[in-house]
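This report refers to the structure that appears directly beneath it.
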Amino acid sequence: MAVLSKIRERSILLIGIIGFCLLAFIIGDVVRSGGFGVDKNVGSVNGTDIPYVEFNQKVASMQQRQQGATAGQAAGYVWSQEVDRVLFEERYEKAGLVVGKDHVLDVYAQMLGNNPQFMNAAGKFDKAKFNEFLVNLKTTNPQQWQAIESERPQIEASAKRQLYGTMLKAAYFTTDFEAKQKYAEESNKVNFDYVLVPYATVNDEDPKVKVTDEELVEYMKKNAKKYKSEASRDLEYVFLDNKPSAADEAEVKKTFEAYLAPQVKLNANGGTDTIPSFASLSPDKVEEFVNLNSEMKYDTTFVTKAQLPVEHAQQIQNLGVGQVYGPYLQNGAYMLTRMMAKRPGASTKVVHVLVAYKGAMRATATRTEEEAKALADQFLGQVNANPDAINMLARTNNDDPGAMQNGGVYDVTPDGGWAKEFKDFALASPKGKTGVVKTEFGFHVMRILDKEDGVRIATIAQKINASDATADANFQKATKLEMDARDTKKPFADLAKAAGLTVTPANSLGAADENLPGVGAEREIVRWAFNGDTNVGDVKKFDTPQGSVVASLKNINEKGVLPLEQAKISVLPILRNEKKAKIIREKMQGSTLEAVAQKAGASITPALSVTFASPMITGVGPEFKVVGAAFGLGANKTSKLIDGQAGVYMIRTKNIEVAPALASPAAITARLNGQGRGGVDNRISIALKDKATIEDNRATFY
């Protein structure tokens, strides 16, 4: 009572505190969403803002279309579309590009070209029919017409993109000179001898080839365009996955073993009931028992051996009716299976050749029904003369689209969704039987390859899940690691190792990223890493549906050149080989191959028929500088030392085999034009983005 009295006395204070907290919560939410009446932007492209409200609507729409996509994944896709949209609209405006009705209809033709409703007698998209459809739709179904009309801006944008791409492709051409040059690069061959001292002959640990962080940074600054990088973060983390423990598995196994013997259980009246074992249950009680005790409901379907668990299929198929197999493990679950019934010939493997005709279901064939029947009978005659002939016919003369993948072979079961005539012939015919069967799809030339018995089984299944005790133990370990890291300030990796936990790195995480290796989508962890209040060395625990993650921020990489850890993968070998080359050059003394080989302890090796277009040295790999030098030397001329990809070379050209003069460059010109024009769309998009000023604020919202 005294406590209640105190609360009453201070009720106004409590109400004020609660109100303040609610207000703070609301204000925080308003600030995150852009403020009072302020249109917050997700980003901008060359000064053109991308407003959050419209952007978020597109993200929501994308998530509806792509079931299972996270907000971050959908936002990434929409962002790419929006950046492209702005950049290309700038180009359209500068080019004065507009599209007319015919351009828009061409896009609809690409989208709806296979719809019979809009085809003419020649099987082509009919613009007049489509226009008539739209006019009628505006009257008969205004809502659907409005939906189509609302998509017109996107259709027009697509038409402009195609037209712009066509213009760019038309401007791309290859001259006869370039074609002849390409012919020479591909056809002329050089033969030369070389001495190679590989970089690998110098130990990476040699102090003379040590590359400092400062040298890495300086090199990247000199080649800033090549090694530029957006802001990123490096994390290291421990993931305590709530996987079932050995004790959890043993507990489930114990439950299943109990099903093998009668069980005595208390009933509602205080007495006891004896529940028969799974094997001794009367057949009419099995379904109820399975549905009561299993996560997998009872199924009356007959299945074949191929549909049973692979590792246990033979044992299950060999059971007598009423016998039980198990318990056994399958896909993280314990199972116990009882044989309920067997059915001979429940599944039939059949191969068929579909001969379609004009007017048949889903048919694109132009032959008449009579012609199709005659052709099917002809095929049947070939199969009867040589049964194996159907295999080739099924792959080469089949109007069944699925035959490209399966060779016209199917497993037919009584409950399968097959055409009735097709299914009846398959199930009723013995192995080896052939025949022609007509269905709504056309005429099927069929041969029965095999018959397989079916079984009906009853399976009790229970997934092995982590117990509360296992989850609690992981939670406590994660909490202790977080607290120890904060209190002791010891290295995170050392603390994790002492606790018997594995540290996983996650380097170069972008602000909009969300996936951690082995954990999955954990956007909140990336948000924390990019939070301005999070410093290098900070540690935080995150609880996920799968377990607990304890993360430590290892590095903050600002926008600019590549982070050092990444640079050590791509840039370090370049600088290290430059230093190795200096050491190797000191060994390669002499003006002839023989002298250099003797001095360096290397051998002289021939390189034969090497082309400029494919500068591969057998046993070594691509060497552009070396092969280029070989073509540039005269016959029997010796080069200076060359720093190649694999090591330091000296070469001596033997001769150059010049290909016969090209009669006409037309074929090569056409090939180069096709190759160049084929990549225009992608290259222009990359080029525009490379030159653009893009501000990406997605991480603030998603």
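The values are calculated or read from the model by the stated rules, or taken from the named source; none is laboratory data. A quick note: this is a predicted structure, and the numbers were derived from the prediction, not measured. Neighbour counts run over all protein chains shown; Cβ positions are idealised from the backbone, glycine included.
Brief remarks follow.
- Criterion violated by Gln476 - all others in (1) surrounded by 15 or more Cβ atoms within 10 Å (Cβ to Cβ); (2) modelled with pLDDT of 90 or more satisfied: (1)
- Unmet criterion (only one of (1) in contact (Cβ under 8 Å) with a residue 12 or more places away in the chain; (2) surrounded by 14 or more Cβ atoms within 10 Å (Cβ to Cβ)) for Val658: (2)
- Test: residue in region 265-274 that is in contact (Cβ under 8 Å) with a residue 24 or more places away in the chain and outside the structural domain of Gly532 (by TED's automatic domain parsing): no
- Across region 389-429, the qualifying residues are those that are of a type in the set (Asp, Glu) and at pLDDT below 90, and the one among them that is surrounded by the most Cβ atoms within 10 Å (Cβ to Cβ) is Asp411.
Here is a yes/no grid of residues against (1) in contact with a strand residue (DSSP E or B) (Cβ under 7 Å, 6 or more places away or on another chain); (2) closer than 30 Å to Ala60 by Cβ; (3) surrounded by fewer than 18 Cβ atoms within 10 Å (Cβ to Cβ); (4) among the hydrophobic types (A, V, I, L, M, F, W, C):
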{"residue": "Leu608", "(1), (2), (3), (4)": "yes, no, yes, yes"}
{"residue": "Ser614", "(1), (2), (3), (4)": "no, no, yes, no"}
{"residue": "Gly628", "(1), (2), (3), (4)": "no, no, yes, no"}
{"residue": "Ile651", "(1), (2), (3), (4)": "yes, no, no, yes"}
{"residue": "Arg671", "(1), (2), (3), (4)": "no, no, yes, no"}
{"residue": "Gly676", "(1), (2), (3), (4)": "no, no, yes, no"}
{"residue": "Ser685", "(1), (2), (3), (4)": "no, yes, yes, no"}
{"residue": "Lys691", "(1), (2), (3), (4)": "no, no, yes, no"}
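- Elements of type helices (runs of 4 or more DSSP H) contained in region 50-166, each with 2 or more residues being under 25 Å from Gly678 (Cβ atoms): 71-95, 101-112
- Qualifying residue in region 495-512 (condition: at pLDDT 90 or above, surrounded by fewer than 19 Cβ atoms within 10 Å (Cβ to Cβ) and assigned to a helix (DSSP H, G or I)): yes
- Among the residues making up region 630-646, those that are more than 37 Å from the chain's Cα centre (by Cα) and either surrounded by 13 or more Cβ atoms within 10 Å (Cβ to Cβ) or not small (Gly, Ala, Ser) (or both) are Ala630, Phe631, Leu633, Asn636, Lys637, Thr638, Ser639, Lys640, Leu641, Ile642, Asp643.
- The one condition from (1) in a loop (DSSP other than H, G, I, E, B); (2) touching a residue at least 24 places away in the same chain (Cβ under 8 Å); (3) of a type outside the set (Asp, Glu) that Ser609 does not meet is (1).
- Selected residue (criterion: surrounded by the most Cβ atoms within 10 Å (Cβ to Cβ)) from residues of region 587-606 that are of a type in the set (S, T, N, Q) and within 21 Å of Asn655 (Cα to Cα): Thr605
- Here Lys180 fulfils each of the conditions (1) out of contact with any Gly (no Cβ under 9 Å at 6 or more places or on another chain); (2) exposed (fewer than 14 other Cβ atoms within 10 Å of the Cβ) apart from (2).
- Filtered by the rule that a residue be surrounded by fewer than 15 Cβ atoms within 10 Å (Cβ to Cβ), farther than 30 Å from Leu495 by Cα and in contact (Cβ under 8 Å) with a residue 40 or more places away in the chain, region 234-252 gives a lone residue, Glu251.
A quick yes/no check of all residues on (1) assigned to a loop (DSSP other than H, G, I, E, B); (2) touching a residue at least 60 places away in the same chain (Cβ under 8 Å):
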| residue | (1), (2) |
| --- | --- |
| Pro401 | yes, no |
| Asp415 | yes, yes |
| Lys423 | no, no |
| Gly432 | yes, no |
| Val437 | no, no |
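- Residue count for region 319-348, restricted to those that are more than 30 Å from Ile448 (Cβ to Cβ) and not hydroxyl-bearing (Ser, Thr, Tyr): 13.
- Residue match in region 375-384 (condition: over 14 Å from Val436 (Cβ atoms) and out of contact with any Lys or Arg (no Cβ under 6 Å at 6 or more places or on another chain)): no
- Among the residues examined, Leu375 qualifies as in the same structural domain as Gly359 (by TED's automatic domain parsing), assigned to a helix (DSSP H, G or I), over 26 Å from Lys305 (Cα atoms) and out of contact with any Gly (no Cβ under 9 Å at 6 or more places or on another chain).
- The condition (being more than 33 Å from the chain's Cα centre (by Cα) and surrounded by 12 or more Cβ atoms within 10 Å (Cβ to Cβ)) is satisfied by just one residue among Thr255, Thr212: Thr255.
- Condition met for Ala478 (among the small types (Gly, Ala, Ser), in contact with a helix residue (DSSP H, G or I) (Cβ under 8 Å, 6 or more places away or on another chain), in the same structural domain as Phe542 (by TED's automatic domain parsing) and in contact (Cβ under 8 Å) with a residue 40 or more places away in the chain): no
- Count of residues meeting criterion [out of contact with any helix residue (DSSP H, G or I) (no Cβ under 8 Å at 6 or more places or on another chain) and part of a strand (DSSP E or B)] in region 202-232: 2
- Qualifying residue in region 367-388 (condition: among the charged types (D, E, K, R), surrounded by 15 or more Cβ atoms within 10 Å (Cβ to Cβ) and under 28 Å from Lys463 (Cβ atoms)): no
- Residue within region 528-544 that is among the β-branched types (Val, Ile, Thr), in contact (Cβ under 8 Å) with a residue 12 or more places away in the chain, more than 25 Å from Leu564 (Cα to Cα) and touching an Asp or Glu at 6+ places or on another chain (Cβ under 7 Å) present: yes
- The residues listed here are Phe173, Phe192; of these, the one that is closer than 30 Å to Ser614 by Cα and assigned to a loop (DSSP other than H, G, I, E, B) is Phe173.
- Scanning region 452-467 for residues that are modelled with pLDDT of 90 or more and either part of a helix (DSSP H, G or I) or not β-branched (Val, Ile, Thr) (or both) yields a total of 8.
- Tally of residues being in contact with a Lys or Arg (Cβ under 9 Å, 6 or more places away or on another chain), at negative phi and not β-branched (Val, Ile, Thr) across region 516-539: 4
- Of the candidates Leu336, Leu308, the single residue that is within 26 Å of Ala419 (Cα to Cα) and crowded, with 16+ Cβ neighbours inside 10 Å is Leu308.
- Odd one out for Leu235 among (1) outside the structural domain of Asp513 (by TED's automatic domain parsing); (2) on the phi < 0 side of the Ramachandran plot: (1)
- Flag if Leu281 is modelled with pLDDT under 95, part of a loop (DSSP other than H, G, I, E, B) and not hydroxyl-bearing (Ser, Thr, Tyr): yes
- Within region 284-298, the set of residues being in contact (Cβ under 8 Å) with a residue 40 or more places away in the chain and not in a helix (DSSP H, G or I) comprises Ser294, Glu295, Met296, Tyr298.
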